[in-house]
Amino acid sequence: MSGCRNIMIVKLNKLGTINEFQDSFIRNYPFLKIEFYNKSADLNDRKNSKIQSANTLFQQIGLKKEGRVEINDDLLVGDLEKILLDEFGVTSQIFRKSGMGLWLETSMTNDWSLAKQNEYGREIVQLSQNKQI
């Protein structure tokens, strides 16, 4: 890993937009993205319950309380998703970039840290770019 220690504090409030959270997240982890889902999301059918508009407010997807989330390199993917759900009532899923513009759900590697996921995504993208040459 790069040795860079990302620590960010993200404030979740009812009038905050999903886009604001996603922009902060991807600035720190460019090979990861976070998606949010409707409050009543069927976890087996996330495609149909994914929030399509980045301008959607957190209050519209069931934010149950306002507060701050500390996100750092050592935080496990599954732990971040659990914090967002258990403490704030917001359903989310983190995806890792995989070559050719594809995004893969990280559910099989939820026990990896954000830094490890991001680094693995970077390596996969670099490998796929080298193969195209």
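Read the figures in this text as sums done on the coordinates, not as results from a lab. For clarity, every value in this text was computed on a predicted model and none was experimentally measured. Cβ coordinates were reconstructed from backbone atoms using ideal geometry, including for glycine residues, and neighbour counts include every protein chain displayed.
For the ranges 25-31, 88-94, 122-128, what's the packing order if you count other beta-carbon atoms within 10 Å of each residue, average per peptide, and put the highest first?
Working: 25-31: 16.9, 88-94: 20.4, 122-128: 14.7.
Those peptides, ordered most packed to least, come out 88-94, 25-31, 122-128.
Per the Debye calculation on the stretch 7-132 with a single equal scatterer at every Cα and no solvent contribution, log₁₀ I(q)/I(0) for q = 0.16 Å⁻¹ amounts to -0.77.
For the chain, the longest principal axis of the C-alpha atoms and the axis of helix 114-132 are separated by about 50°. Across the stretch 97-110, rounded Karplus estimates of 3J(HN,Hα) from the backbone phi angles (6.51 cos²θ - 1.76 cosθ + 1.60, θ = phi - 60°) give 5, 10, x, 6, x, 8, 10, 10, 4, 9, 4, 6, 10, 4 Hz, Gly and Pro being marked x.
Magnitude of the charge dipole for the chain, about its Cα centre and with charges confined to Cβ atoms of Lys, Arg (+1) and Asp, Glu (-1), is about 320 debye. Taking amide hydrogens as placed 1.01 Å from N in the peptide plane, the amide H of ILE51 sits under 5 Å from those of PHE36, TYR37, ASN38, each at least 5 positions away in sequence or on another chain.
Across the stretch 12-18, coupling constants 3J(HN,Hα) worked out from phi with the 6.51/-1.76/1.60 Karplus curve, θ = phi - 60°, read 9, 9, 4, 9, x, 9, 4 Hz, and Gly and Pro carry x. Modelled this way, with points 7 Å down the Cα-to-C-beta line, the labels at ASN13 and GLU123 are 4.1 nm from one another. Legend: distances between Cα atoms for LYS50/LYS131; LYS11/LYS97; LYS64/LYS97; LYS50/LYS97; LYS39/LYS65; LYS33/LYS82; pairs beyond 22 Å are LYS50/LYS131; LYS11/LYS97; LYS64/LYS97.
Run the helix sum for the chain: -39,500 (n - 2.57) per DSSP H stretch of 4+ residues, divided by residue count, reported at 222 nm to the nearest 500 deg cm²/dmol. Spell out each step's value before the answer.
Working: 4 runs with 46 residues, N = 133.
Using -39500 (n - 2.57) per qualifying helix, the result is -10500 deg cm²/dmol.
Could you tally the net charge around PRO30, taking each other residue with its Cβ under 15 Å from the Cβ of PRO30, Lys/Arg +1 and Asp/Glu -1?
Values: positive: ARG27, LYS33, ARG96, LYS97, LYS116, ARG122; negative: ASP23, ASP73, GLU119, GLU123.
With Lys, Arg at +1 and Asp, Glu at -1, the neighbours total +2.
Please build a GNM for the chain, connecting alpha carbons under 10 Å apart, and tell me which residue among SER53, SER98, SER107 fluctuates the most. Largest GNM mean-square fluctuation: SER53. With R₀ fixed at 30 Å, the C-beta to C-beta distance from LEU85 to ASN130 puts the FRET efficiency at about 0.20. Tell me the angle of helix 77-88 to the major Cα principal axis of the chain, expressed in degrees between 0 and 90 and rounded to the nearest ten. The angle comes out near 10 degrees.
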